[in-house]
1. Let me spell it out: the conditions are (1) in a strand (DSSP E or B); (2) touching a Phe, Trp or Tyr at 6+ places or on another chain (Cβ under 8 Å), and Gly131 meets all of them except one. Which number is the exception?
2. Please go through the stretch 170-224 and give me each residue that is touching a strand residue (DSSP E or B) at 6+ places or on another chain (Cβ under 9 Å), farther than 21 Å from Gly246 by Cβ and at pLDDT below 80, ordered by number.
3. Would you say Ile158 is surrounded by fewer than 15 Cβ atoms within 10 Å (Cβ to Cβ), in contact with an Asp or Glu (Cβ under 6 Å, 6 or more places away or on another chain) and either at pLDDT 90 or above or of a type in the set (Asp, Glu) (or both)?
4. Provide a single number: the residues in the stretch 237-251 that are surrounded by 11 or more Cβ atoms within 10 Å (Cβ to Cβ), more than 20 Å from Cys137 (Cβ to Cβ) and either modelled with pLDDT of 90 or more or of a type in the set (Ser, Thr, Tyr) (or both).
5. Restricting to the stretch 115-137, what's the tally of residues that are touching a residue at least 24 places away in the same chain (Cβ under 8 Å) and either closer than 22 Å to Ser155 by Cα or under 20 Å from the mean Cα position of the chain (by Cα) (or both)?
6. Assess whether Asn142 counts as being surrounded by fewer than 18 Cβ atoms within 10 Å (Cβ to Cβ) and not aliphatic (A, V, I, L, M).
7. List, please: which pairs have Cβ atoms under 9 Å, are six or more places apart or on different chains, and start with a residue in the stretch 269-280 that is touching a residue at least 12 places away in the same chain (Cβ under 8 Å) and end with one that is in a helix (DSSP H, G or I)?
8. Restricting to the stretch 119-137, give me the number of residues that are surrounded by fewer than 17 Cβ atoms within 10 Å (Cβ to Cβ), in contact with a Leu (Cβ under 9 Å, 6 or more places away or on another chain) and either more than 30 Å from Ala85 (Cβ to Cβ) or of a type in the set (Ser, Thr, Tyr) (or both).
Amino acid sequence: MPLAPLRLMLNLTNTRNIMKKLNTKGFGVVELILIIVIFGLIGGVGYYVYNSQKETNTLSGNSDSDNAKKSDENSNIKLYADEYAGYTIEYPVSWQVETSSEYSEIGQSEVSTTKLTSATGLTLTFEHNFGGRGGDCPPGPNDSPHAPGNICQTSEIIFVEKTGNTVLGIDATVDAQSQGRFKDYDLYLVREKYTDPGASNPNTVYFSGLSVDTYSDVVKVSEPKMGLFVPFSIISQFSSPSVSTGYYVDIKMSPKGNSEEFFNQEDVKQAEAILKSFRFN
């Protein structure tokens, strides 16, 4: 039996015994009532203290359990910081990381490549570069999204989620000479359906990546676009408003899926968690 209730029972027993003794000695009713009240208060306070201590111990135990769980989760995550492109990502300890760098004539500086590989072989590659690509692909008059025989590729976002991170870009709606022409744009995790045209058998694949919601390219779901697209994400970033040129980070997932069921795989979910942690310093 808990200690406090036992004490209460003893107090009540003692009270009865004392009352009998006092009655034999001629104590009045008022004195007896006062004694009963005093013993009742002592028992009540003891019971309250016992319950309070019990609740405190329970809350403390839950808090220790939660802290241990968070500590265990944090111990399974590592942080990678790219010194050249200036971004960081968080990844599970079960993933392997390979890095390399080379000198870029276009950017007149070092550029990096970082490859993360899961235990099952899924890879995420982050390629830092200064662009140098261009071109366009006007769709044919009879082309339709994801259809065979198209001239151009089709890109369609089928899922989007804001990551809470941003990239620094140019606001083309502001005068080019204005210091306020730079602004932060929201960064999104996206799932994409991509079709490379073919005469009779177009190749449609699914993959995860990142996208930016800018003034000219709003991230929208289920609105396929035909044009010169590539099967990976391209994120542009300016290191600061004082720098007139930016750079890019190409984000490539491999292998890609053949259907939307691909996104239910555990390693793909982990890859998406890595993508959501991507942020520039």
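The values are calculated or read from the model by the stated rules, or taken from the named source; none is laboratory data. The structure presented is a predicted model; accordingly, all values stated were derived computationally and were not measured. Positions of Cβ are backbone-derived with ideal geometry, glycine not excepted, and every protein chain shown enters the neighbour counts.
1. Among (1) in a strand (DSSP E or B); (2) touching a Phe, Trp or Tyr at 6+ places or on another chain (Cβ under 8 Å), the lone unmet condition for Gly131 is (1).
2. Selection gives nothing.
3. Values: surrounded by fewer than 15 Cβ atoms within 10 Å (Cβ to Cβ): yes; in contact with an Asp or Glu (Cβ under 6 Å, 6 or more places away or on another chain): no; either at pLDDT 90 or above or of a type in the set (Asp, Glu) (or both): yes.
So Ile158 fails the test.
4. 4
5. So the count comes out to 13.
6. yes
7. Here the result reads Glu272/Phe263, each pair linking the stretch 269-280 to a residue that is in a helix (DSSP H, G or I).
8. 1
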